[in-house]
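Have a look at the structure below, then the notes.
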Amino acid sequence: MNIYTIDVPLCKDFSLMLKKMNKQVTFLEDPLNQSLLFLESTDLMKSLFILPLYISKDSWQQTSLFALAETYEIPILFIYKRALGMETPLALPERTFYETMAVPADSVEVRIKLKSLQNISMQLFSAKLKGQELEKINQKSAMSLRIAKGFQLSGLPLSINKEDIEVKGLSQPSSELSGDLFYWTEVGDRTYVFIMIDLCGKGIHTALINMSIRTLIPELIKRVKDPIFITEELNKHMRHLFQGVKREYKNHTCFTAFIAYVDTKERRIEYVNFGLPSAFLYSPCTNQFLNLNEGTIPIGLSPQMPIKKIVFHYEPGSRFFIYTDGLSKIPAPSAIDRSGNVESEFIENIHLDTHDLLQELLVSRMRHSVIDDDICIIAGTLY
(Lines give C-alpha, C1' and ligand atoms only; values in the text may rest on other atoms or scores of the structure.)
Protein backbone atom coordinates (compact mmCIF):
# COMPACT_ATOMS: atom_id res chain seq x y z
CA MET A 1 0.00 0.00 0.00
CA ASN A 2 1.27 3.49 -0.93
CA ILE A 3 0.91 5.77 2.10
CA TYR A 4 1.26 9.53 1.60
CA THR A 5 1.34 12.31 4.14
CA ILE A 6 2.80 15.78 4.75
CA ASP A 7 5.67 17.08 6.84
CA VAL A 8 3.90 18.22 10.01
CA PRO A 9 4.81 17.05 13.55
CA LEU A 10 1.69 14.90 14.11
CA CYS A 11 2.11 13.05 10.81
CA LYS A 12 5.89 12.70 11.24
CA ASP A 13 5.43 11.02 14.64
CA PHE A 14 2.82 8.67 13.24
CA SER A 15 4.99 7.78 10.24
CA LEU A 16 7.75 6.64 12.61
CA MET A 17 5.33 4.13 14.08
CA LEU A 18 4.37 2.96 10.60
CA LYS A 19 8.01 2.45 9.65
CA LYS A 20 8.43 0.18 12.68
CA MET A 21 5.55 -1.83 11.22
CA ASN A 22 7.46 -2.02 7.88
CA LYS A 23 5.11 0.46 6.19
CA GLN A 24 6.64 2.82 3.67
CA VAL A 25 5.50 6.45 4.01
CA THR A 26 6.06 9.15 1.38
CA PHE A 27 6.06 12.82 2.36
CA LEU A 28 4.57 15.12 -0.30
CA GLU A 29 6.15 18.56 -0.38
CA ASP A 30 3.89 19.97 -3.10
CA PRO A 31 0.77 17.73 -3.37
CA LEU A 32 -0.89 19.48 -6.33
CA ASN A 33 2.23 19.35 -8.50
CA GLN A 34 2.78 15.73 -7.48
CA SER A 35 -0.65 14.62 -8.67
CA LEU A 36 1.09 12.70 -11.49
CA LEU A 37 1.70 9.99 -8.88
CA PHE A 38 -1.99 9.12 -9.08
CA LEU A 39 -2.65 9.06 -12.80
CA GLU A 40 -2.34 5.28 -13.07
CA SER A 41 -5.41 3.38 -11.93
CA THR A 42 -3.30 0.78 -10.10
CA ASP A 43 -1.69 3.60 -8.07
CA LEU A 44 -5.09 4.90 -7.04
CA MET A 45 -6.17 1.47 -5.88
CA LYS A 46 -3.18 1.13 -3.57
CA SER A 47 -3.04 4.70 -2.23
CA LEU A 48 -3.90 6.09 1.21
CA PHE A 49 -3.52 9.60 2.63
CA ILE A 50 -2.80 10.42 6.26
CA LEU A 51 -3.80 13.89 7.44
CA PRO A 52 -4.35 15.74 10.71
CA LEU A 53 -8.06 15.73 11.58
CA TYR A 54 -7.85 19.42 12.41
CA ILE A 55 -6.59 20.90 9.17
CA SER A 56 -5.20 24.38 9.36
CA LYS A 57 -6.63 26.79 6.78
CA ASP A 58 -3.22 28.43 6.65
CA SER A 59 -1.44 25.20 5.66
CA TRP A 60 -1.63 25.01 1.88
CA GLN A 61 -0.03 21.56 1.97
CA GLN A 62 -2.80 20.17 4.17
CA THR A 63 -5.61 21.73 2.12
CA SER A 64 -3.93 20.66 -1.14
CA LEU A 65 -3.63 17.05 -0.04
CA PHE A 66 -7.23 17.11 1.17
CA ALA A 67 -8.35 18.44 -2.24
CA LEU A 68 -6.23 15.82 -4.02
CA ALA A 69 -7.86 13.03 -2.02
CA GLU A 70 -11.31 14.34 -2.92
CA THR A 71 -10.43 14.69 -6.61
CA TYR A 72 -9.09 11.15 -7.01
CA GLU A 73 -11.36 9.62 -4.33
CA ILE A 74 -8.40 8.36 -2.31
CA PRO A 75 -9.29 7.20 1.26
CA ILE A 76 -7.97 9.29 4.16
CA LEU A 77 -6.93 8.30 7.68
CA PHE A 78 -7.36 11.36 9.88
CA ILE A 79 -5.27 11.33 13.05
CA TYR A 80 -5.64 13.50 16.12
CA LYS A 81 -4.50 13.77 19.76
CA ARG A 82 -7.13 13.35 22.45
CA ALA A 83 -7.88 16.51 24.38
CA LEU A 84 -10.58 18.00 26.55
CA GLY A 85 -13.24 20.11 24.80
CA MET A 86 -12.44 18.92 21.27
CA GLU A 87 -14.09 20.96 18.53
CA THR A 88 -15.76 19.82 15.34
CA PRO A 89 -13.27 19.60 12.41
CA LEU A 90 -13.46 22.43 9.89
CA ALA A 91 -14.03 20.06 6.96
CA LEU A 92 -14.57 16.38 6.26
CA PRO A 93 -14.53 14.65 2.85
CA GLU A 94 -17.73 14.33 0.85
CA ARG A 95 -16.44 12.42 -2.17
CA THR A 96 -14.12 9.86 -0.59
CA PHE A 97 -14.14 7.52 2.39
CA TYR A 98 -12.28 8.28 5.58
CA GLU A 99 -11.52 6.95 9.06
CA THR A 100 -10.38 8.75 12.21
CA MET A 101 -7.97 7.54 14.87
CA ALA A 102 -6.54 9.01 18.05
CA VAL A 103 -2.74 8.89 18.47
CA PRO A 104 -0.66 7.51 19.89
CA ALA A 105 -2.41 4.27 19.02
CA ASP A 106 -1.88 0.57 19.54
CA SER A 107 -0.21 -1.15 16.57
CA VAL A 108 -3.06 -3.67 16.34
CA GLU A 109 -5.59 -0.86 15.97
CA VAL A 110 -3.41 0.79 13.33
CA ARG A 111 -3.16 -2.44 11.31
CA ILE A 112 -6.94 -2.91 11.44
CA LYS A 113 -7.58 0.68 10.30
CA LEU A 114 -5.08 0.42 7.45
CA LYS A 115 -6.46 -2.94 6.31
CA SER A 116 -10.00 -1.57 6.42
CA LEU A 117 -9.07 1.46 4.36
CA GLN A 118 -7.12 -0.67 1.89
CA ASN A 119 -10.17 -2.90 1.34
CA ILE A 120 -12.38 0.15 0.92
CA SER A 121 -9.89 1.65 -1.54
CA MET A 122 -10.02 -1.50 -3.68
CA GLN A 123 -13.82 -1.58 -3.55
CA LEU A 124 -14.03 2.09 -4.53
CA PHE A 125 -11.62 1.49 -7.38
CA SER A 126 -13.53 -1.59 -8.57
CA ALA A 127 -16.85 0.30 -8.46
CA LYS A 128 -15.29 3.20 -10.36
CA LEU A 129 -13.96 0.86 -13.06
CA LYS A 130 -17.35 -0.78 -13.43
CA GLY A 131 -18.96 2.64 -13.66
CA GLN A 132 -16.50 3.67 -16.39
CA GLU A 133 -17.13 0.43 -18.28
CA LEU A 134 -20.90 0.94 -18.04
CA GLU A 135 -20.48 4.53 -19.24
CA LYS A 136 -18.52 3.31 -22.28
CA ILE A 137 -21.20 0.72 -23.02
CA ASN A 138 -23.93 3.35 -22.64
CA GLN A 139 -22.08 5.74 -24.96
CA LYS A 140 -21.67 3.02 -27.60
CA SER A 141 -25.34 2.05 -27.24
CA ALA A 142 -26.41 5.70 -27.52
CA MET A 143 -24.34 6.12 -30.68
CA SER A 144 -25.80 2.92 -32.17
CA LEU A 145 -29.32 4.13 -31.36
CA ARG A 146 -28.63 7.51 -32.98
CA ILE A 147 -27.40 5.79 -36.15
CA ALA A 148 -30.41 3.44 -36.16
CA LYS A 149 -32.73 6.42 -35.65
CA GLY A 150 -31.09 8.08 -38.65
CA PHE A 151 -31.87 4.99 -40.76
CA GLN A 152 -35.49 5.07 -39.63
CA LEU A 153 -35.89 8.76 -40.38
CA SER A 154 -34.29 8.35 -43.80
CA GLY A 155 -36.96 5.77 -44.60
CA LEU A 156 -39.83 8.21 -44.13
CA PRO A 157 -41.42 9.33 -47.42
CA LEU A 158 -41.15 12.87 -48.73
CA SER A 159 -44.23 15.09 -48.74
CA ILE A 160 -46.38 15.18 -51.87
CA ASN A 161 -47.78 18.46 -53.19
CA LYS A 162 -49.43 18.05 -56.59
CA GLU A 163 -52.53 19.32 -58.38
CA ASP A 164 -54.54 16.23 -57.39
CA ILE A 165 -53.20 15.50 -53.91
CA GLU A 166 -51.24 16.93 -51.00
CA VAL A 167 -49.76 14.67 -48.26
CA LYS A 168 -47.58 15.29 -45.22
CA GLY A 169 -46.57 13.09 -42.31
CA LEU A 170 -45.20 13.40 -38.79
CA SER A 171 -43.32 10.84 -36.69
CA GLN A 172 -42.81 11.32 -32.93
CA PRO A 173 -41.03 8.32 -31.34
CA SER A 174 -41.48 7.81 -27.59
CA SER A 175 -37.78 6.87 -27.39
CA GLU A 176 -34.81 6.83 -29.78
CA LEU A 177 -36.36 4.18 -32.03
CA SER A 178 -39.92 3.84 -33.24
CA GLY A 179 -42.18 0.83 -33.69
CA ASP A 180 -44.61 2.88 -35.82
CA LEU A 181 -44.10 3.67 -39.48
CA PHE A 182 -45.88 5.17 -42.43
CA TYR A 183 -45.27 5.10 -46.15
CA TRP A 184 -46.88 6.45 -49.28
CA THR A 185 -45.98 6.58 -52.93
CA GLU A 186 -47.51 6.97 -56.39
CA VAL A 187 -47.99 3.52 -57.94
CA GLY A 188 -49.66 4.48 -61.20
CA ASP A 189 -51.18 7.34 -63.11
CA ARG A 190 -52.64 9.47 -60.29
CA THR A 191 -52.95 6.42 -58.06
CA TYR A 192 -51.39 6.49 -54.61
CA VAL A 193 -51.00 4.03 -51.77
CA PHE A 194 -50.86 4.86 -48.04
CA ILE A 195 -49.71 2.51 -45.29
CA MET A 196 -49.69 3.21 -41.56
CA ILE A 197 -48.37 0.52 -39.19
CA ASP A 198 -48.21 0.29 -35.38
CA LEU A 199 -46.18 -2.67 -34.14
CA CYS A 200 -47.18 -4.39 -30.91
CA GLY A 201 -44.76 -3.88 -28.02
CA LYS A 202 -41.87 -1.51 -27.47
CA GLY A 203 -38.11 -1.82 -27.74
CA ILE A 204 -35.37 -2.66 -30.19
CA HIS A 205 -37.25 -5.68 -31.54
CA THR A 206 -40.05 -3.41 -32.82
CA ALA A 207 -37.49 -1.19 -34.55
CA LEU A 208 -35.98 -4.26 -36.25
CA ILE A 209 -39.40 -5.46 -37.42
CA ASN A 210 -40.15 -1.88 -38.48
CA MET A 211 -37.11 -1.81 -40.79
CA SER A 212 -37.87 -5.31 -42.08
CA ILE A 213 -41.38 -4.25 -43.13
CA ARG A 214 -40.17 -0.88 -44.43
CA THR A 215 -37.71 -2.67 -46.73
CA LEU A 216 -40.44 -4.95 -48.03
CA ILE A 217 -43.16 -2.34 -48.67
CA PRO A 218 -41.96 -0.39 -51.76
CA GLU A 219 -41.64 -3.45 -54.00
CA LEU A 220 -44.73 -5.10 -52.52
CA ILE A 221 -47.18 -2.26 -53.13
CA LYS A 222 -46.06 -1.82 -56.74
CA ARG A 223 -46.32 -5.55 -57.42
CA VAL A 224 -49.62 -6.30 -55.69
CA LYS A 225 -51.70 -3.07 -55.95
CA ASP A 226 -54.61 -4.14 -53.73
CA PRO A 227 -55.08 -3.73 -49.94
CA ILE A 228 -56.26 -7.34 -49.56
CA PHE A 229 -53.27 -8.87 -51.34
CA ILE A 230 -50.84 -6.54 -49.53
CA THR A 231 -52.35 -7.73 -46.25
CA GLU A 232 -51.88 -11.38 -47.16
CA GLU A 233 -48.23 -10.78 -48.03
CA LEU A 234 -47.57 -8.83 -44.81
CA ASN A 235 -49.27 -11.57 -42.81
CA LYS A 236 -46.99 -14.18 -44.40
CA HIS A 237 -43.97 -11.97 -43.73
CA MET A 238 -44.75 -11.65 -40.01
CA ARG A 239 -45.34 -15.36 -39.59
CA HIS A 240 -42.08 -16.09 -41.40
CA LEU A 241 -40.18 -13.61 -39.19
CA PHE A 242 -41.37 -15.30 -36.01
CA GLN A 243 -40.86 -18.92 -37.04
CA GLY A 244 -39.13 -20.75 -34.21
CA VAL A 245 -39.63 -17.87 -31.77
CA LYS A 246 -40.51 -18.89 -28.20
CA ARG A 247 -44.21 -18.95 -27.36
CA GLU A 248 -43.92 -16.19 -24.75
CA TYR A 249 -42.84 -13.78 -27.50
CA LYS A 250 -45.79 -14.56 -29.76
CA ASN A 251 -47.73 -11.51 -28.58
CA HIS A 252 -45.18 -9.40 -30.50
CA THR A 253 -45.95 -11.12 -33.83
CA CYS A 254 -48.70 -8.75 -34.90
CA PHE A 255 -49.32 -5.12 -35.78
CA THR A 256 -52.26 -2.85 -36.43
CA ALA A 257 -52.37 -1.11 -39.78
CA PHE A 258 -54.28 1.07 -42.21
CA ILE A 259 -53.80 0.40 -45.93
CA ALA A 260 -55.45 2.51 -48.61
CA TYR A 261 -55.28 3.01 -52.37
CA VAL A 262 -56.42 6.39 -53.66
CA ASP A 263 -57.31 6.90 -57.31
CA THR A 264 -57.48 10.67 -57.79
CA LYS A 265 -58.71 10.33 -61.39
CA GLU A 266 -61.81 8.43 -60.31
CA ARG A 267 -61.80 10.03 -56.83
CA ARG A 268 -62.04 6.56 -55.37
CA ILE A 269 -60.59 5.16 -52.12
CA GLU A 270 -60.10 1.49 -51.24
CA TYR A 271 -59.02 0.80 -47.68
CA VAL A 272 -58.73 -1.82 -44.94
CA ASN A 273 -58.29 -0.93 -41.25
CA PHE A 274 -56.53 -3.60 -39.18
CA GLY A 275 -57.19 -2.36 -35.66
CA LEU A 276 -55.81 1.18 -35.92
CA PRO A 277 -57.90 4.06 -34.56
CA SER A 278 -60.47 5.32 -37.03
CA ALA A 279 -59.04 7.45 -39.82
CA PHE A 280 -61.07 10.53 -40.82
CA LEU A 281 -62.25 12.00 -44.11
CA TYR A 282 -64.03 15.35 -44.19
CA SER A 283 -65.65 16.93 -47.23
CA PRO A 284 -66.03 20.71 -46.91
CA CYS A 285 -68.35 20.78 -49.96
CA THR A 286 -71.01 18.60 -48.30
CA ASN A 287 -69.87 18.96 -44.68
CA GLN A 288 -69.78 15.17 -44.59
CA PHE A 289 -67.54 13.46 -42.04
CA LEU A 290 -66.52 9.80 -42.44
CA ASN A 291 -64.92 7.47 -39.90
CA LEU A 292 -62.73 5.00 -41.77
CA ASN A 293 -62.79 2.29 -39.12
CA GLU A 294 -64.24 -0.78 -40.82
CA GLY A 295 -61.78 -3.64 -41.08
CA THR A 296 -60.49 -6.70 -39.33
CA ILE A 297 -58.04 -8.06 -36.74
CA PRO A 298 -54.35 -6.99 -36.53
CA ILE A 299 -51.98 -8.48 -39.11
CA GLY A 300 -50.00 -11.52 -37.93
CA LEU A 301 -52.54 -12.95 -35.47
CA SER A 302 -53.99 -15.60 -37.75
CA PRO A 303 -52.78 -17.41 -40.88
CA GLN A 304 -56.22 -17.01 -42.46
CA MET A 305 -57.49 -13.49 -41.86
CA PRO A 306 -61.03 -12.35 -42.62
CA ILE A 307 -60.45 -9.18 -44.64
CA LYS A 308 -63.09 -6.59 -45.44
CA LYS A 309 -62.15 -3.96 -48.00
CA ILE A 310 -64.18 -0.74 -48.14
CA VAL A 311 -64.54 1.14 -51.44
CA PHE A 312 -66.12 4.59 -51.81
CA HIS A 313 -65.84 7.86 -53.72
CA TYR A 314 -64.86 11.20 -52.23
CA GLU A 315 -65.65 14.83 -52.98
CA PRO A 316 -62.94 17.19 -54.30
CA GLY A 317 -61.22 19.16 -51.52
CA SER A 318 -61.68 16.36 -48.96
CA ARG A 319 -59.26 16.42 -46.01
CA PHE A 320 -58.03 13.13 -44.52
CA PHE A 321 -56.27 12.17 -41.29
CA ILE A 322 -54.67 8.83 -40.29
CA TYR A 323 -52.89 8.20 -36.98
CA THR A 324 -51.54 5.55 -34.59
CA ASP A 325 -52.96 5.17 -31.08
CA GLY A 326 -50.05 6.96 -29.41
CA LEU A 327 -51.97 10.15 -30.28
CA SER A 328 -55.16 8.98 -28.57
CA LYS A 329 -54.02 6.76 -25.69
CA ILE A 330 -53.07 8.14 -22.26
CA PRO A 331 -50.51 6.19 -20.18
CA ALA A 332 -51.51 4.12 -17.14
CA PRO A 333 -52.90 4.43 -14.54
CA SER A 334 -55.59 6.54 -16.25
CA ALA A 335 -55.32 4.75 -19.66
CA ILE A 336 -57.92 7.12 -21.12
CA ASP A 337 -58.81 6.81 -24.81
CA ARG A 338 -58.73 10.28 -26.43
CA SER A 339 -60.08 9.15 -29.82
CA GLY A 340 -63.10 11.42 -29.40
CA ASN A 341 -60.80 14.36 -28.62
CA VAL A 342 -58.68 13.66 -31.70
CA GLU A 343 -61.80 13.64 -33.89
CA SER A 344 -63.13 16.92 -32.48
CA GLU A 345 -59.70 18.59 -32.69
CA PHE A 346 -59.39 17.49 -36.32
CA ILE A 347 -62.75 19.11 -37.12
CA GLU A 348 -61.97 22.27 -35.11
CA ASN A 349 -58.65 22.76 -36.93
CA ILE A 350 -59.74 21.64 -40.41
CA HIS A 351 -59.19 25.20 -41.67
CA LEU A 352 -55.42 25.00 -41.00
CA ASP A 353 -52.94 24.00 -43.66
CA THR A 354 -51.70 20.41 -43.39
CA HIS A 355 -48.41 21.22 -41.66
CA ASP A 356 -50.10 23.35 -38.98
CA LEU A 357 -52.86 20.76 -38.56
CA LEU A 358 -50.31 18.04 -37.80
CA GLN A 359 -48.46 20.24 -35.34
CA GLU A 360 -51.64 21.37 -33.55
CA LEU A 361 -52.86 17.82 -32.90
CA LEU A 362 -49.44 16.69 -31.70
CA VAL A 363 -49.05 19.69 -29.37
CA SER A 364 -52.54 19.09 -28.00
CA ARG A 365 -51.56 15.52 -27.13
CA MET A 366 -48.33 16.73 -25.50
CA ARG A 367 -50.27 19.20 -23.35
CA HIS A 368 -52.44 16.42 -22.01
CA SER A 369 -49.80 14.09 -20.51
CA VAL A 370 -46.39 12.51 -20.99
CA ILE A 371 -46.07 10.63 -24.28
CA ASP A 372 -45.03 7.02 -23.67
CA ASP A 373 -45.98 5.55 -27.05
CA ASP A 374 -44.85 6.24 -30.60
CA ILE A 375 -46.99 8.59 -32.66
CA CYS A 376 -47.34 8.65 -36.43
CA ILE A 377 -49.74 10.93 -38.30
CA ILE A 378 -50.57 11.37 -41.97
CA ALA A 379 -52.76 14.22 -43.19
CA GLY A 380 -53.54 15.81 -46.51
CA THR A 381 -56.03 17.03 -49.09
CA LEU A 382 -57.58 15.23 -52.06
CA TYR A 383 -58.38 17.76 -54.82
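The values are calculated or read from the model by the stated rules, or taken from the named source; none is laboratory data. Quick caveat, the model's predicted, so the values are computed rather than measured. For neighbour counting, all protein chains shown are included, and Cβ atoms are generated from backbone atoms with ideal geometry for every residue, glycine included. Areas reflect the complete protein model, heavy atoms only, side chains present, ligands, DNA and RNA absent. Shrake-Rupley method; radii C 1.70, N 1.55, O 1.52, S 1.80 Å.
List of remarks:
- Which listed residue is under 30 Å from Ser178 (Cβ atoms) and among the acidic types (Asp, Glu), from Glu87, Glu109, Glu133, Glu99: Glu133
- Residues that are assigned to a loop (DSSP other than H, G, I, E, B) and farther than 15 Å from Leu156 by Cβ, drawn from segment 177-205: Asp189, Arg190, Cys200, Gly201, Lys202, Gly203
- Scope segment 81-135; condition part of a loop (DSSP other than H, G, I, E, B), open to solvent by 80 Å² or more (accessible area, probe 1.4 Å) and in contact (Cβ under 8 Å) with a residue 12 or more places away in the chain; matching residues: Arg82, Glu87, Leu90, Glu94, Arg95, Phe97, Pro104
- Taking segment 357-383 as the range and being among the β-branched types (Val, Ile, Thr) and without any contact (Cβ under 8 Å) to a residue 60 or more places away in the chain as the test, the residues that pass are Val363, Val370.
- Which listed residue is touching a helix residue (DSSP H, G or I) at 6+ places or on another chain (Cβ under 7 Å), crowded, with 17+ Cβ neighbours inside 10 Å, of a type outside the set (Val, Ile, Thr) and over 18 Å from Ser35 (Cβ atoms), from Leu53, Leu65, Leu77, Leu48: Leu77
- Going through (1) within 23 Å of Ser126 (Cβ to Cβ); (2) buried (at least 17 other Cβ atoms within 10 Å of the Cβ) one by one, Thr71 falls short only on (2).
- Residue within segment 343-356 that is under 18 Å from Ser171 (Cβ atoms) and free of Cβ contacts under 8 Å to residues at least 40 places away in the same chain present: yes
- Among residues of segment 358-368, those that are open to solvent by 40 Å² or more (accessible area, probe 1.4 Å) and in contact with a strand residue (DSSP E or B) (Cβ under 6 Å, 6 or more places away or on another chain), counted: 0
- In segment 15-43, residue modelled with the lowest pLDDT [restricted to those that are charged (D, E, K, R) and touching a strand residue (DSSP E or B) at 6+ places or on another chain (Cβ under 9 Å)]: Asp43
- Residues of segment 321-357 satisfying the condition of being closer than 16 Å to Leu281 by Cβ, open to solvent by less than 20 Å² (accessible area, probe 1.4 Å) and either among the charged types (D, E, K, R) or in a helix (DSSP H, G or I) (or both): Val342, Phe346, Thr354, Leu357
- Answer residue from segment 158-176, given it is of a type outside the set (Ser, Thr, Tyr), assigned to a strand (DSSP E or B) and open to solvent by 10 Å² or more (accessible area, probe 1.4 Å) and is farthest from Cys376 (Cα to Cα) among those: Asn161
- Exactly one residue out of Gly188, Gly201, Gly179, Gly150 is within 16 Å of the chain's Cα centre (by Cα) and loosely packed, with under 13 Cβ neighbours inside 10 Å, and it is Gly150.
- Taken over segment 292-320, the residue count meeting the criterion of being farther than 23 Å from Gln359 by Cβ, assigned to a strand (DSSP E or B) and not small (Gly, Ala, Ser) is 5.
- Candidate set: segment 204-227, residues that are over 30 Å from Ser141 (Cβ atoms) and in contact with an Asp or Glu (Cβ under 9 Å, 6 or more places away or on another chain); chosen: the one most open to solvent (accessible area, probe 1.4 Å): Arg223
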